[in-house]
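The values are calculated or read from the model by the stated rules, or taken from the named source; none is laboratory data. Keep in mind the model is a prediction, meaning the values are calculated, not measured. Here the Cβ positions follow ideal geometry from the backbone for every residue, glycine too, while neighbour counts run over all protein chains shown. Heads up: the accessible areas ignore ligands, DNA and RNA and are worked out on the full protein's heavy atoms, side chains in. Shrake-Rupley method; radii C 1.70, N 1.55, O 1.52, S 1.80 Å.
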Amino acid sequence: MEAAAASLSGSNIFHRNYRFSRSIIRSRYIASGSRYFSNSDLNTQNHSVFKGPNLSNVQIQTRNLRLQTNCALGVCTFPENVMESHHSHVVEEKLGVLLLNLGGPETLNDVQPFLYNLFADPDIIRLPRLLRFLQRPLAKLISVLRAPKSKEGYAAIGGGSPLRKITDEQADALRMALEAKNVRANVYVGMRYWFPFTEEAIEQIKRDRITKLVVLPLYPQFSISTTGSSIRVLQRIFKGDAYLSRLPVSVILSWYQRQGYINSMADLIEKELGKFAKPEEVMIFFSAHGVPVSYVEEAGDPYKDQMEECIYLIMQELKARGIGNDHTLAYQSRVGPVQWLKPYTDEVLVEIGQKGVKSLLAVPISFVSEHIETLEEIDMEYKHLALESGIKNWGRVPALGCNSLFISDLADAVVEALPLAKALSASTENDEEAEYDPVRYLVKMFFGSILAFLLLLTPRVVLAFRNSLF
């Protein structure tokens, strides 16, 4: 597991308030924009950053840090502090773009520590506050238990994840696309769970004395577990640094509704459909990375809504091209005993095979780079399951990678976000205390501790730890 996913002009625009935090419902995140606000309600200027609805008054809140943010069309700009200069003269502007991604193990020996970093993230395993002391032991437990199976998956695709190489290539392509638009910028790569870590990228940004930064997560749709987690890392780093806290920053929270992205996906689908003997009979099967249901229903993660809208926009574009194939959406890569977003990819493949579908085109929709979920899970596991279930003709749309239209559109998003960059300000106000129920959490801590203790005593866990240590 390497990851953990509005209508365009003239179409309907929906609005909903979203809330998310590490453990319980907190602040509101407005995921798509709003006809419900008057112009006087909006704190953002009328910049067409995305070809879609405006986002406004976003609040992203961590345990000890709340960043009041204004969002115009998916771009989050931090409230402005007075920029101080140690020099009386004007400093030459140096632009930076930070690409955020999850990262992946580059060798089989990296798999277990990578999994530890993944599961140690409170946005991946969301424990109640008083159970957070179990975060690292639980991450160690899960990573040790899952490492053997994960190593088999990475071994099947060459012994490691290609994500770093591809992301570096995307960074170079984006830099050149920006130069073609007369924008000179340094482009950095920051991974959440493996090298180069986000912290390393930020240190390089400081050394290069960047004066304005655009943060571009390589996740089309926003989720707590992807973009949200990476933003929290940035919040923590910026909070304690005098230079960074004055740096003008613009964060592009999501970009699934950009016309360039929609067109790029439609182009790839249209091309792959053309390889079938009877393209009009092919079922278009969108497979997105899943998230636990609790993220959506309890924490207000907008991922599911954004994913469904993204697919709607792609299918509308295909329909405009005369392509009216049947399509469906399912979610892959679930882990553990909790309920994840449904329907599940493996179950749907069996169902549609039993219903007589003979031709299927798999579309990895929440991924813009090839990695284990596409190369092993889709290309090997799901393909085998589909053929076994009665599907005769299988195809798969490649990830966007360095697709020229896609990269050019990302460059446009960066250019459009630059004027919105403002300096970050932080508040140490902590609203979690007001909603804290000590009795509830003491009960959870008691039973959680017993469960953790019992798990640690099981023979399989003891053997796994012994094998990993000796």
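Here are some notes:
- Oblate is the label for region 338-378, because the ratio a/c of its alpha-carbon gyration tensor axes (a ≥ b ≥ c) is 1.5 or higher and a/b is not greater than b/c.
- When the residues TYR382, TYR154 are ordered by accessible surface, computed with a 1.4 Å probe over the protein chains alone, the sequence from largest down reads TYR382, TYR154.
- For the pair GLU347 and ARG321, a Förster radius of 30 Å applied to the C-beta separation gives a FRET efficiency near 0.45, rounded to the nearest 0.05.
- Rounded Å value of the spacing that divides the Cα centres of region 330-377 and region 151-173: 20 Å
- The 3J(HN,Hα) values that the Karplus relation (6.51, -1.76, 1.60; θ = phi - 60°) gives for region 347-352 are, in residue order, 5, 5, 4, 5, 5, 6 Hz. Gly and Pro appear as x.
- Set LYS278/LYS304; LYS275/LYS358; LYS181/LYS304; LYS212/LYS304 screened for pairs whose C-alpha atoms are more than 25 Å apart: LYS278/LYS304; LYS181/LYS304; LYS212/LYS304
- Given their separation in residues at 0.36 nm each and the Cα-Cα distance between them, GLU381 and LYS149 gain 82.2 nm when the chain is fully extended.
- Sequence-distant lysines (8 or more away, or on other chains) whose Cα lies within less than 26 Å of LYS149: LYS140, LYS165, LYS342, LYS383
- Sorting MET307, MET380 on solvent-accessible area from highest to lowest, probe radius 1.4 Å, gives MET380, MET307.
- Multiplying the residue separation of PHE197 and LEU108 by 0.36 nm and subtracting their alpha-carbon distance yields 30.2 nm.
- The peptide list 240-249, 412-421, put in order of mean Cβ contacts within 10 Å with the highest first, becomes 412-421, 240-249.
- Under 5 Å, built H, 5+ apart or other chain: amide partners of LYS212: LYS94, GLY96
- Per residue, the convex hull spanned by the Cα atoms of region 284-396 amounts to 109 cubic angstrom.
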